[in-house]
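Here is the structure we will look at, set down as structure tokens.
The values are calculated or read from the model by the stated rules, or taken from the named source; none is laboratory data. Values in this document were obtained by computation on a predicted structure and should not be read as measured data. Note that each Cβ is placed from the backbone with ideal geometry, even for glycine, and that neighbours are counted across all protein chains shown.
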Amino acid sequence: MDINQVNALTYEGFVHFFGNVVEKCPLVSAAVWSSRPFKDISDIEAHISDFINSLPDSGKEGILRCHPDLAGRDLQSGTLTRESTEEQGQAGMTTLDSAERLLMYRLNSEYKERFGFPFVICARLNSKAEIVRQLSQRLKNERAAELEHAIQEVTKICSLRLNSIVLPDIQTKL
Ligand SMILES: NC(=O)NC1NC(=O)NC1=O
């Protein structure tokens, strides 16, 4: 859909289409709907980022906790959202061998133990090797810096999801 169609959506319609641009957090799209009309995709993205960044740490942590582990239980049991299934597939998380799966499980567990929220990274922008490297690296961060880093990854995931729903401006004008 183009930006004019987005701006014409009712609240219910907007949450229907945009409710999962931040994983399992329809509250975020519900919150930004009242900022219409949006100029373009970047404008929607900016409102979402502003909303998330204005949350207290507990709210940011809550957003992270709504994300499934990479190569975790939801993937094994087929209960990932459609978006997350595609993203984890693209990053090679669906074709790990048993040693790689065990490594991801260990690192994810260690990360959750240390920070109290799951490791989040924009899977579509990272290869399997890069995900393992970043997970090992980010385990060494201070908690506050890591929370901000993880939230930036949420906004990258959100940006790619928005771009798969809304046509870019250039296409709207063709
Ligand atoms: N934990 C985590 O990073 N999850 C995800 N990342 C991503 O791009 N999609 C996800 O579900």
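Which of (1) touching a Pro at 6+ places or on another chain (Cβ under 8 Å); (2) under 24 Å from Lys112 (Cα atoms) does Val15 not meet, given it meets every other one?
(2)
If I filter the range 20-29 for residues that are surrounded by fewer than 13 Cβ atoms within 10 Å (Cβ to Cβ), closer than 15 Å to Ser159 by Cβ and without any contact (Cβ under 8 Å) to a residue 24 or more places away in the chain, do I get at least one hit?
Kept after step one, since they are surrounded by fewer than 13 Cβ atoms within 10 Å (Cβ to Cβ), are these residues of the range 20-29: none.
Within the range 20-29, none of the residues are surrounded by fewer than 13 Cβ atoms within 10 Å (Cβ to Cβ), closer than 15 Å to Ser159 by Cβ and without any contact (Cβ under 8 Å) to a residue 24 or more places away in the chain.
Determine which single condition Tyr105 fails, assuming it passes every other condition in (1) of a type outside the set (D, E, K, R); (2) within 10 Å of the ligand (Cβ to nearest atom); (3) surrounded by fewer than 20 Cβ atoms within 10 Å (Cβ to Cβ).
(2)
Can you name the condition, by its number, that Gly116 falls short on among (1) modelled with pLDDT under 95; (2) on the phi > 0 side of the Ramachandran plot?
(1)
For the range 55-88, what are the residues that are in a helix (DSSP H, G or I) and more than 10 Å from the ligand (Cβ to nearest atom)? Steps first, answer last, please.
Keep residues of the range 55-88 that are in a helix (DSSP H, G or I), which gives 57-65, 73-77, 82-88.
Asp57, Ser58, Gly59, Lys60, Glu61, Gly62, Ile63, Arg65, Arg73, Gln76, Ser77, Arg82 - these are the residues of the range 55-88 that are in a helix (DSSP H, G or I) and more than 10 Å from the ligand (Cβ to nearest atom).
When you look at Ile157, is it under 23 Å from Ile48 (Cβ atoms) and either modelled with pLDDT under 95 or away from the ligand (no atom under 13 Å from the Cβ) (or both), yes or no? Explain how you work it out, then say what you get.
On the way: under 23 Å from Ile48 (Cβ atoms): yes; either modelled with pLDDT under 95 or away from the ligand (no atom under 13 Å from the Cβ) (or both): no.
Here the answer is no, as Ile157 does not meet what is asked.
Against the definition (within 16 Å of the ligand (Cβ to nearest atom), touching a residue at least 60 places away in the same chain (Cβ under 8 Å) and surrounded by fewer than 16 Cβ atoms within 10 Å (Cβ to Cβ)), how does Thr94 come out, yes or no? Before you say what the answer is, go through the steps one by one.
Values: within 16 Å of the ligand (Cβ to nearest atom): yes; touching a residue at least 60 places away in the same chain (Cβ under 8 Å): no; surrounded by fewer than 16 Cβ atoms within 10 Å (Cβ to Cβ): yes.
No, not satisfied.
Conditions (1) within 16 Å of the ligand (Cβ to nearest atom); (2) β-branched (Val, Ile, Thr); (3) within 17 Å of Ile157 (Cβ to Cβ), marked per residue:
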residue: Val6; (1), (2), (3): no, yes, no
residue: Tyr11; (1), (2), (3): no, no, no
residue: Ile44; (1), (2), (3): no, yes, yes
residue: Ser49; (1), (2), (3): no, no, yes
